[in-house]
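To keep things clear, I will list the structure first and then write my remarks on it.
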Amino acid sequence: MGIRVVWSQSRARWSDLGRRCSRLSFLRVANRFEAGSLSRAATCPDSWRPLMPTPKVVSIEILLSARKKEVKKETGLGLTYKKNENFGDWYSEVVVNSEMIEYYDISGCYILRPWTMTIWEVLQTFFDAEIKKMNIKNAYFPLFVTENVLQKEKDHIEGFAPEVAWVTKSGQSELEVPIAIRPTSETVMSREFLWQEGHTAFATQAEADQEVLEILELYRKIYEEFLAIPVVKGRKSELEKFAGGYYTTSVEAFIPNTGRGIQGATSHCLGQNFAKMFQINFENDKGEKAMVWQNSWAYSTRTIGVMVMVHGDDKGLVLPPKVASVQVIVIPVPFKDANTDAIFSACSSTVQALREAGFRAEADLRDNYSPGWKYSHWEMKGVPLRIEIGPKDLANNQVRVVRRDNGAKSDIPMGNLVEKVKEILSSIQECLFNAAKQKRDACIKVVNTWDEFIAALNDKKMILAPWCDEEEVEKDVKARTKGELGAAKSLCTPFDQPRLPEDLSFATLCRNSMLCLGKASQEMDILGTKLLGRKRKRKRLPVEERDGPKSRAAATMDSSSGDSGRGGGTSLLSAWSAAGSRRYQHLLDKATPHVLRRWAGLAVLALVYAARVWIVQGFYIVSYALGIYVLNLFIAFLSPQVDPEIQDLVAGPGPSLPTRSSDEFRPFVRRLPEFKFWHSITKAFCIAFVLTFFSAFDVPVFWPILLFYWLVLFTVTMKRQILHMIKYKYVPFTFGKQRYTGKKAVSTDDATLPSD
């Protein structure tokens, strides 16, 4: 038997009521009404009565049936949007309905509810304990910063200037000096958020480099071991690194549903740039003043948003057990004529046992909601494990457990409940990570050509591509791939480099490393990066058009008869060459900070070359050509990057020369940087030395004439360069500027930070 009540009021009024009331309160009205109460006093508080329509029963139909019809009950807790259909609206609905955040009356600001704060506290507790093991101490700095201090960090702040919030009034009075709210990169997306930020100082670069990687490993653990999110560790490109820093490393996550990558956390080596700005010096054990090497590292509540996007489904949140506010929810399932008190008592004792074992467990003993409603409610909130206790479970001394990640159900005896719960939660944590990794890996596409790159971009893949790491190329690709959803930029160059394909033609390579790429967006909820490819300055011909069919067969390792062997040999040679190139680049990177050692080595090489020429009494033409080349490099080393004579003709603002009228720190920007200057001269001496073993280059010549001509050329060229310096009032060295004795490399063994 059933009763159908037909109302004369239109549904529009009920919808209007739903808009005026809170969602949860309206659901309570609906549930009480479904329970059979037609009384207005029973279904709403007095303040709602003017809004409620008066129920008018038009007809009551008594439905007789020989059997009961199964009716699917709606809890009203379901999501409106599907994750695969409307990701942005799905995400917004999940974080609100699962009680993670509440909107605030200031745009860009949110209330982080306890469900979110617990996750943040778990991560904070882990990270705080780990950095204290590294002898890092916590400190608190004011939120506000003056304009003068902000301007000292002009390079760092330039990109964030439009987002800086300024405080100009105190009460009704104008401040004499406006103060800024310290910006970070997050201000572009949100005006208020929580983040962890670390700043450390070291005596040597080696110590700073070591900590950068140690902190990055902690961030990996946060994502992979706590949030069950696979990430890629790597180094940012020069264009994407922290403004004003020496280099930046990061962990990068990926959202398969949108094909977007997200920068999970960053660990920067700031070098000595900020030490120069703020005079951060120390005295080493030799009594010399030196500048510190600084690091900076941070992650924010963005991590929690990434977790929601990766694991959430159409039922709501899916929380990894390690960070869940409630790991186990116990729900009583009483039936008619069941011993409700005994069931409730069993639920309470189960929670107590789990809590004593160290689990975060709660029982939902509310009697104004049905078990089905509670199931949906806690599924929405993402609780990893649900325990149900009904009359049958009580009789069999067991409980029923239901996993949130896959919905699997099983019955567990009460005697070994704690052990089984521990196993299941561990399994859930592992399964969430494995599932996320499997989805992420399925979206990774290794490309070797521009066409493959574009196709992978359109398929929303996470791309690994050969990359030359040139800023101009990166900017060009951004411009070429710019569309409605954003422009392209790189994620990172992974530390764990995949092996380049043996059939990869040199025509498709910029450099023998692989760059991790993804797709960019300007929205906070689905922030990520677009993939990045290499610039082709001219149309490249297919391999067969340049070198013939055999070269193409070798490049693609075609298994056709006759040339397959040659293709394998060429591929093997390519692999060896790629490995050698990577090793060479690695050695160059390691040599970069050791300025004095590099130049000392060059001096030794020059002496060896001079001794070789003196012994053989020849190859003067080679030496003369070497001298002309070195002279040209030296002039470029002494010249500013932008010549003041043509600065006005250069499109866009370029680096200007330092002047006495400005207190701002502006280093002299050379046309040829010191490292490239050294590298070019070193290669030139090596090539010249090799040429002295080939008699074809030993052209007979009266060497004093060559020496005299070179000295004249040197004098004329340097005179012109010195007049240029005088005219535009600059000196390309440290003369007239404050000197830092700490510029000299300090060894790890000799230098230590002063104790407090």
Item to check | For LEU626: the one exception among (1) touching a Phe, Trp or Tyr at 6+ places or on another chain (Cβ under 6 Å); (2) closer than 30 Å to TYR730 by Cα | outcome: (1)
Next on the checklist: Filter segment 296-340 down to the residues that are β-branched (Val, Ile, Thr) and within 30 Å of LEU270 (Cβ to Cβ) and list them by number.
Outcome noted: THR301, THR303, ILE304, VAL306
Next on the checklist: If I filter segment 118-138 for residues that are open to solvent by less than 90 Å² (accessible area, probe 1.4 Å), farther than 19 Å from LYS221 by Cα and not charged (D, E, K, R), do I get at least one hit?
Outcome noted: no
Checklist entry - Of the residues that sit in segment 382-404 and are out of contact with any strand residue (DSSP E or B) (no Cβ under 9 Å at 6 or more places or on another chain) and touching a residue at least 12 places away in the same chain (Cβ under 8 Å), which one is surrounded by the fewest Cβ atoms within 10 Å (Cβ to Cβ)? => result PRO391
Checklist outcome for this item: Reported set for segment 238-257 where residues are closer than 30 Å to ASP459 by Cβ, crowded, with 21+ Cβ neighbours inside 10 Å and not charged (D, E, K, R) is THR248, THR249, SER250, VAL251, ALA253, PHE254, ILE255
Next on the checklist: Pull out all pairs, ordered by first then second residue, where Cβ-Cβ is under 6 Å, the residues are six or more apart or on different chains, the first lies in segment 83-105 and is on the phi > 0 side of the Ramachandran plot, and the second is surrounded by 15 or more Cβ atoms within 10 Å (Cβ to Cβ) and of a type outside the set (A, V, I, L, M).
Outcome noted: GLU99/ARG113; GLU99/TRP115
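To keep it simple, each residue is scored yes or no on (1) touching a strand residue (DSSP E or B) at 6+ places or on another chain (Cβ under 8 Å); (2) modelled with pLDDT under 85; (3) part of a helix (DSSP H, G or I); (4) under 13 Å from ASP698 (Cα atoms).
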| position | (1), (2), (3), (4) |
| --- | --- |
| VAL622 | no, no, yes, yes |
| ALA625 | no, no, yes, yes |
| PHE637 | yes, no, yes, no |
| PRO655 | yes, yes, no, no |
Checklist entry - Can you tell me which residue in segment 240-262 is nearest to PRO593 (Cα to Cα), limited to those that are aromatic (Phe, Trp, Tyr) and assigned to a strand (DSSP E or B)? => result TYR247
Checklist entry - In this structure, does LEU588 turn out to be on the phi < 0 side of the Ramachandran plot, in contact with a His (Cβ under 9 Å, 6 or more places away or on another chain) and part of a helix (DSSP H, G or I)? => result yes
Checklist outcome for this item: Counting only residues that are outside any helix (DSSP H, G or I) and surrounded by 15 or more Cβ atoms within 10 Å (Cβ to Cβ), segment 430-467 contains a total of 15
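So that you can scan it fast, the table gives a plain yes or no per residue for (1) open to solvent by 10 Å² or more (accessible area, probe 1.4 Å); (2) within 19 Å of LYS241 (Cβ to Cβ); (3) part of a helix (DSSP H, G or I):
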site	(1), (2), (3)
GLY264	no, yes, no
SER267	no, yes, no
ASP285	yes, no, no
VAL326	no, no, no
Checklist entry - Do you know which of the residues in segment 177-211 that are at pLDDT below 70 and among the β-branched types (Val, Ile, Thr) is farthest from GLY108 (Cα to Cα)? => result THR184
Checklist entry - Can you name every residue in segment 287-299 that is of a type in the set (A, V, I, L, M, F, W, C) and open to solvent by 10 Å² or more (accessible area, probe 1.4 Å)? => result TRP293, ALA298
Checklist entry - For residues in segment 90-110 being more than 16 Å from MET380 (Cα to Cα) and not hydroxyl-bearing (Ser, Thr, Tyr), which is surrounded by the fewest Cβ atoms within 10 Å (Cβ to Cβ)? => result ASP105
Next on the checklist: All but one of (1) open to solvent by 30 Å² or more (accessible area, probe 1.4 Å); (2) over 21 Å from VAL328 (Cα atoms) hold for GLU419; state the number of the condition that does not hold.
Outcome noted: (2)
Checklist entry - Among the residues of segment 697-705, is any in a helix (DSSP H, G or I) and open to solvent by less than 70 Å² (accessible area, probe 1.4 Å)? => result yes
Checklist entry - Could you count how many residues in segment 679-696 are open to solvent by less than 40 Å² (accessible area, probe 1.4 Å) and more than 12 Å from ALA606 (Cα to Cα)? => result 3
Next on the checklist: I need the full set of residues from segment 473-482 which are open to solvent by 50 Å² or more (accessible area, probe 1.4 Å) and modelled with pLDDT of 80 or more, in order please.
Outcome noted: LYS475
Checklist outcome for this item: Residues of segment 300-324 being open to solvent by less than 10 Å² (accessible area, probe 1.4 Å) and farther than 22 Å from LEU385 by Cα, in sequence order, are SER300, THR303
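The values are calculated or read from the model by the stated rules, or taken from the named source; none is laboratory data. Since the model is a prediction, treat every value here as computed from it, not as a measurement. No Cβ is skipped: glycine too gets one built from the backbone with ideal geometry, and neighbour counts run over all protein chains shown. For accessibility, only protein heavy atoms count, side chains too; no ligands or nucleic acids. Shrake-Rupley method; radii C 1.70, N 1.55, O 1.52, S 1.80 Å.
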